[in-house]
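For reference, the structure discussed in these notes is given below.
The values are calculated or read from the model by the stated rules, or taken from the named source; none is laboratory data. A quick note: this is a predicted structure, and the numbers were derived from the prediction, not measured. Virtual Cβ from ideal backbone geometry, glycine too; neighbours counted across all protein chains shown.
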Amino acid sequence: MHTMKVVSALFISLAFLGGCASSMSGSAYSRSQARQVQEVQMGVVESVRQVQIEGTKTPVGTGAGAIVGGVAGSNIGGGKGSTIGTVLGAVAGGLAGSAVEEGVTRKTGLEITVKLDNGRMFAVTQEADEVFRPGERVRVLTGGGVTRVTH
């Protein structure tokens, strides 16, 4: 029963991580980006390609998985068997927790190639939270080390 509580806590923690993951959305701004000047350029979408944006890889997923694995492993055998089970469970749980965190926070993205009115061409990768089509006129916002494409 105790193991079930720990496993439940792990999944709640990982779900929370998914909500806390930093966004690469074209319409999401960090607190530090608010009220900052951005250069605005106009251009035309040349191409759009769907990509995967990898999930976060923090010590939280690994640590939570290691705790759950260690608790589960400690229930194996007694004495030295229990100790070995704890260690092996913690290692396996840590690896599993890390993989779960990365998978839960992975997002679908777009690589958007834009030709600016000045002739310069570049690509920006961001979350797929807007639909872009070749030939469409777009705004390119650049500031604070961040570039995004919007309508």
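Looking at this structure, is residue 139 of a type in the set (Lys, Arg), in the same structural domain as residue 50 (by TED's automatic domain parsing), assigned to a loop (DSSP other than H, G, I, E, B) and in contact (Cβ under 8 Å) with a residue 60 or more places away in the chain?
For residue 139, the condition - of a type in the set (Lys, Arg), in the same structural domain as residue 50 (by TED's automatic domain parsing), assigned to a loop (DSSP other than H, G, I, E, B) and in contact (Cβ under 8 Å) with a residue 60 or more places away in the chain - is not met.
Take residue 130 and tell me if it is in the same structural domain as residue 50 (by TED's automatic domain parsing) and either part of a strand (DSSP E or B) or among the acidic types (Asp, Glu) (or both).
The answer is yes for residue 130.
Spot the failing condition for residue 44; the list is (1) surrounded by fewer than 11 Cβ atoms within 10 Å (Cβ to Cβ); (2) at pLDDT 90 or above, and only one is missed.
All conditions pass for residue 44, except number (1).
For residue 85, all conditions in the list (1) of a type outside the set (S, T, N, Q); (2) buried (at least 17 other Cβ atoms within 10 Å of the Cβ); (3) within 26 Å of residue 54 (Cα to Cα) hold save one; what is the number of the exception?
(3)
Name the pairs: first residue in segment 99-123 and at pLDDT 95 or above, second residue aromatic (Phe, Trp, Tyr), Cβ to Cβ under 8 Å, at least 6 apart or on different chains?
Close Cβ pairs (under 8 Å, with a partner that is aromatic (Phe, Trp, Tyr)) amount to 110/132; 112/132; 113/122; 114/122; 116/122.
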